[in-house]
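The values are calculated or read from the model by the stated rules, or taken from the named source; none is laboratory data. All of these numbers come straight from a predicted model, not from anything done at the bench. A quick note on method: Cβ atoms are made from the backbone with ideal geometry, for glycine too, and the neighbour counts reach across all protein chains shown.
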Amino acid sequence: MVLGLGVATALLGLWPGPLGFWPTWGFLVYAVFDTVLDLEHRIVFPEVELAAGILAAVFGVLRRGWWPTLMGGLAGAVVMGGFYLLGKVLQKPLARRGYGQAEEPPLGLGDVFVSAVLGLFFGWPAIMGVLFLAVFAAGGFGLLVLLWAWGRNKQGSVYLPYAPFLFFGGWLTLWLAR
């Protein structure tokens, strides 16, 4: 991880991207840290999200003003919060039918926090593009995992962390949108 961050920092020094070196580097460090936590431990710490949210809010307000920043954070929280609540409602009925597990929700509250932070960072309406890309990337990857498991005659549930897909959507938005 440290080597990867070092290489990425060197590459950012050569081409810092549309936001400049420091905001892009901060986003990179945040994305890598949360991705590793979600992949290895299935957790996103609220304290990390609070600190990242404060930094993202300051960056957003300085870059585009308080209203688009606030609306972006709110939209990220509301959209992913809706998905979180939908997953909680459908979790037990689907588990009774053999889809997933009753004790493990399909989407975590940490993903809602990450989406709110990304909303503060990208602002309104860019957060909608971030979430759109994340949902389709996660869906496409999930479909590939299902096809792979089906081809190998494997059954059962597979844990796919969602935060890496949120950050993937953020990176695509950051590097492709001008």
Cβ-Cβ under 7 Å pairs, at least 6 apart or on other chains, the stretch 9-35 side modelled with pLDDT of 80 or more, far side in a loop (DSSP other than H, G, I, E, B) and exposed (fewer than 14 other Cβ atoms within 10 Å of the Cβ): VAL32/MET1
Options LEU86, LEU74; residue that is closer than 12 Å to GLY123 by Cα and surrounded by 12 or more Cβ atoms within 10 Å (Cβ to Cβ): LEU74
Failed criterion for GLY72 (all others in (1) small (Gly, Ala, Ser); (2) modelled with pLDDT of 80 or more; (3) within 17 Å of LEU160 (Cβ to Cβ) hold): (3)
Residue count, the stretch 28-60 (criterion: touching a helix residue (DSSP H, G or I) at 6+ places or on another chain (Cβ under 7 Å) and under 11 Å from PHE121 (Cβ atoms)): 9
Residues satisfying the stated conditions in the stretch 1-34, i.e. assigned to a loop (DSSP other than H, G, I, E, B) and either small (Gly, Ala, Ser) or surrounded by fewer than 11 Cβ atoms within 10 Å (Cβ to Cβ) (or both): MET1, TRP15, GLY17, GLY20
Subset of the stretch 35-71 [in a helix (DSSP H, G or I), surrounded by fewer than 14 Cβ atoms within 10 Å (Cβ to Cβ) and charged (D, E, K, R)]: GLU40, GLU47
Count - residues of the stretch 8-49 that are touching a Pro at 6+ places or on another chain (Cβ under 9 Å) and among the aromatic types (Phe, Trp, Tyr): 2
